[in-house]
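Heads up, the thing below is written out as structure tokens.
The values are calculated or read from the model by the stated rules, or taken from the named source; none is laboratory data. What you see is a predicted model, and the numbers here were worked out from it, not measured in a lab. Glycine gets a Cβ as well: all are built from the backbone with ideal geometry, and neighbour counts include every protein chain shown.
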Amino acid sequence: MENIYIAGTGYWKGDEVVTNDEIVTSFNSYVERFNDQNSQAIEAGTMEPLGPSSVEFIEKASGIKTRYLIDKKNCLDIDVMRPILREESSENVSILAEMSIHAAKEAIEQAGIETKDIDAVILGTSHSARNYPAVACEVMDELGIEGYGYDMLIGCSSTTFAISNAYSDIASGLANTILVINPELTSPHNDFTLRDSHFIFGDACVATVVQKDSLSKNRVKIKDRKLVTQFSNNIRSDFSYLNRVEESPRDESDLFFKQNGKSVFKEVCPMVAKLISEQLIDAGLDASDISQFWLHQANSNMCRFIMTKILGTDDFDADRAPMILSEFGNVASAGSLLSFHLNNKLENGDKGIICSFGAGYSICSLIIEKE
């Protein structure tokens, strides 16, 4: 058994909190204007009117109450409905790198190491800002890290997949200490004019130091990993450099995040519960041996469904499966690790599970133990 640990974690969040009241007021103002401007087509039956949102709808559908955004003002402005950010150029440190560096510094401090101790940087995200050069390499340059780095993406499982990759690299002898960073700048890819998704996402970043034979007082040992993917179009983004050369150019709205929420719930939740249950059996463990579960923070109903399937009861303490969803919203792949970072209550000998799932479909579950 390899002695490979999560030695420290850190995070960054968007600058400004946005409440459900604020995002509903903005959305409904947009809807009212849209319906007024298109009243003749709506009356003629050639266009469907937009329906309003409500705080009650959002909280029942998702459990989200607030989220942090990088540009609150423009996301709520009905003439804009998106963040307005500075130009990304070679003259400036990229926004994703800035987010990553902030989270990384906390993780490095928590791990009790220095940047010179880091052998590699792996960046995993569901929202890549550019194809090359890799943001991981940029972060290495800014922090003075020598070694290798690369970017990867597998939707909302990118954080746990990246941690698993770090484990594999360390186990193979390629490195002893790896910094994993997961910037999730989701608001530029969210359509704030759609009722079913205008409230979902928040902007955040997490970082993890994965290390062999860690001496960190915050260390937890990675005991087991289980990963699976299954192709599905139910969560999809078509944003690509190929868009500019497509024979039939598509409207910008076609390139945003899209999902078939009901199908995702029906298909993914049983997959996650099955994977974790099988992982526990293979590891010679029972669900009762797991003190805490930090699940992907997409939807509170999904988390409760999965936990009920795993435990065989819906009667469980909220601290056993802590949620940061109500405060942060869905922060894509950063969610499960952010929940761990903020709500890790493991004592020596306690075990926990960090599990991400989402687009792909993709699932990665890590069994950890506090030493």
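Data for the structure
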{"quantity": "Positions within region 147-163 being among the aliphatic types (A, V, I, L, M) and touching a helix residue (DSSP H, G or I) at 6+ places or on another chain (Cβ under 7 Å), in sequence order", "calculated": "152, 154"}
{"quantity": "Test: residue in region 111-128 that is within 25 Å of residue 359 (Cα to Cα) and surrounded by fewer than 23 Cβ atoms within 10 Å (Cβ to Cβ)", "calculated": "yes"}
{"quantity": "Yes/no for residue 100 being part of a helix (DSSP H, G or I) and either of a type in the set (Phe, Trp, Tyr) or modelled with pLDDT of 95 or more (or both)", "calculated": "yes"}
{"quantity": "For residue 318: the one exception among (1) within 21 Å of residue 20 (Cβ to Cβ); (2) modelled with pLDDT of 95 or more; (3) aliphatic (A, V, I, L, M)", "calculated": "(2)"}
{"quantity": "Residue within region 110-122 that is assigned to a loop (DSSP other than H, G, I, E, B) and in contact with a strand residue (DSSP E or B) (Cβ under 6 Å, 6 or more places away or on another chain) present", "calculated": "yes"}
{"quantity": "Selected residue (only one of 325, 342 is closer than 27 Å to residue 18 by Cβ and surrounded by fewer than 16 Cβ atoms within 10 Å (Cβ to Cβ))", "calculated": "342"}
{"quantity": "Residue, nearest to the chain's Cα centre (by Cα), within region 207-238, restricted to residues that are within 22 Å of residue 105 (Cβ to Cβ) and assigned to a strand (DSSP E or B)", "calculated": "207"}
{"quantity": "Test: residue in region 195-215 that is out of contact with any Gly (no Cβ under 8 Å at 6 or more places or on another chain), among the aromatic types (Phe, Trp, Tyr), surrounded by 15 or more Cβ atoms within 10 Å (Cβ to Cβ) and in contact (Cβ under 8 Å) with a residue 24 or more places away in the chain", "calculated": "no"}
{"quantity": "Selected residue (criterion: surrounded by the fewest Cβ atoms within 10 Å (Cβ to Cβ)) from residues of region 138-152 that are touching a strand residue (DSSP E or B) at 6+ places or on another chain (Cβ under 9 Å) and part of a helix (DSSP H, G or I)", "calculated": "143"}
{"quantity": "Considering residues of region 290-344 that are free of Cβ contacts under 8 Å to residues at least 24 places away in the same chain and among the polar types (S, T, N, Q) only, the residue farthest from residue 358 (Cα to Cα)", "calculated": "313"}
{"quantity": "Residue that is nearest to residue 331 (Cα to Cα), among those in region 39-82 that are out of contact with any Phe, Trp or Tyr (no Cβ under 7 Å at 6 or more places or on another chain), polar (S, T, N, Q) and not in a helix (DSSP H, G or I)", "calculated": "66"}
{"quantity": "Failed item in (1) without any contact (Cβ under 8 Å) to a residue 24 or more places away in the chain; (2) hydroxyl-bearing (Ser, Thr, Tyr); (3) within 23 Å of residue 370 (Cβ to Cβ), with residue 172 passing the rest", "calculated": "(3)"}
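Table: residues versus (1) out of contact with any Asp or Glu (no Cβ under 8 Å at 6 or more places or on another chain); (2) outside any helix (DSSP H, G or I); (3) closer than 30 Å to residue 256 by Cβ.
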position	(1), (2), (3)
275	yes, no, yes
279	no, no, no
294	yes, yes, yes
304	no, no, yes
313	yes, yes, no
341	yes, no, yes
357	yes, yes, yes
